[in-house]
Amino acid sequence: MDGALAVILISVAMFVGCFLLGLIPLLVNFSQQKQQFITVLGAGLLCGTALAIIIPEGVELLEGSSRESFCSVASAGLNASNSDSTAKPSTEKGLRPHVFIGASLVLGFILMFVVDQIADYCSTHVSRAREYNGSTTATLGLLIHAAADGVALGAAVASSQVSVQIIVFFAVILHKAPAAFGLVSFLMYAGLERSTVQKHLLAFSCAAPLTAISTYFILIA
C-alpha cells in the first residue's frame, strides 16, 4: 500500500474511533449516580493514561537512546587499543536516564501550570474562568500528547515498515480512545455545554491525525 494512502486511512480510522467513543457520554442519558461513576471512571482513565502510558513511554525512549549510545561507544572502544579507558569514562561521566526523566516531569508540570495560569488570565469573567480553567488545561494537555502520538505515527508510516506501523497504530488508538471517553466525562462534570464539549472532543480527535499526516509528508519531502 502506498505510504500516503496508508497514513490517510490510519488517520481517518483513528479520528473516527476516538470521536465515536468520546460521544458515548454525550449521547446516553445517565442518572446522577451513574454520571458520577462515569466521571470517576473518566478521571481514572486520564490518570491511568498518564501514569501507565505517557511516563513509561518517555522512560523507554530515554533508556533505548542511552543503550544505543553506550553500545556505539563500547564497540568503538573494542576496535581501539585502549578499549577499557575509552568505555569506562562514558558510563561514569554521562548523565543517567533518571536525571532526564525527573527534569522532564518537572518541566511538564511547569508547562501545565503555565497553561493553567494563561487560561485563568485570559478569562474576562470570574465565573467563566472557573468553568473553563480546568477543562482548558485538561484539553490542552491531551492535545499536546495527541500531537506527539501523531508525530510518532507519521514517522512510523514514513519508515515503510509494516510491522512498526501496525504496532504504533494499535498503541496509539488503544490509549487515545479511553482518553477521549475520560475527557468528555470530565468536561461534562465541569458543567460545560454539550456544544463546547463536542468542540473539545473534535479538537482532541483531530490532533493526532493531522500531525501524523503532516509528519509523514515532511519526512518524505
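A few comments on the model shown:
- For the pair Leu111 and Ala203, a Förster radius of 22 Å applied to the C-beta separation gives a FRET efficiency near 0.75, rounded to the nearest 0.05.
- Our estimate of slack between Ile218 and Val28, defined as 0.36 nm per intervening residue step minus the Cα-Cα distance, is 64.3 nm.
- Förster radius 22 Å - calculated FRET efficiency between Ile8 and Ala147, Cβ distance, rounded to 0.05: 0.80
- Built amide H within the under 5 Å cut-off of Ala190, gap 5+: none
- In a fully extended conformation the segment linking Ala155 and Val16 would gain 47.9 nm over its present Cα-Cα distance, using 0.36 nm per residue.
- Peptide ranges 187-197, 144-154, 13-23 listed from the most packed, as the mean C-beta count within 10 angstrom indicates: 144-154, 13-23, 187-197
The numbers here are math on the coordinates, done by the rules we state, and not lab data. Bear in mind that the values here come from a model prediction, so they are computed numbers and not experimental data. A quick note on method: Cβ atoms are made from the backbone with ideal geometry, for glycine too, and the neighbour counts reach across all protein chains shown.
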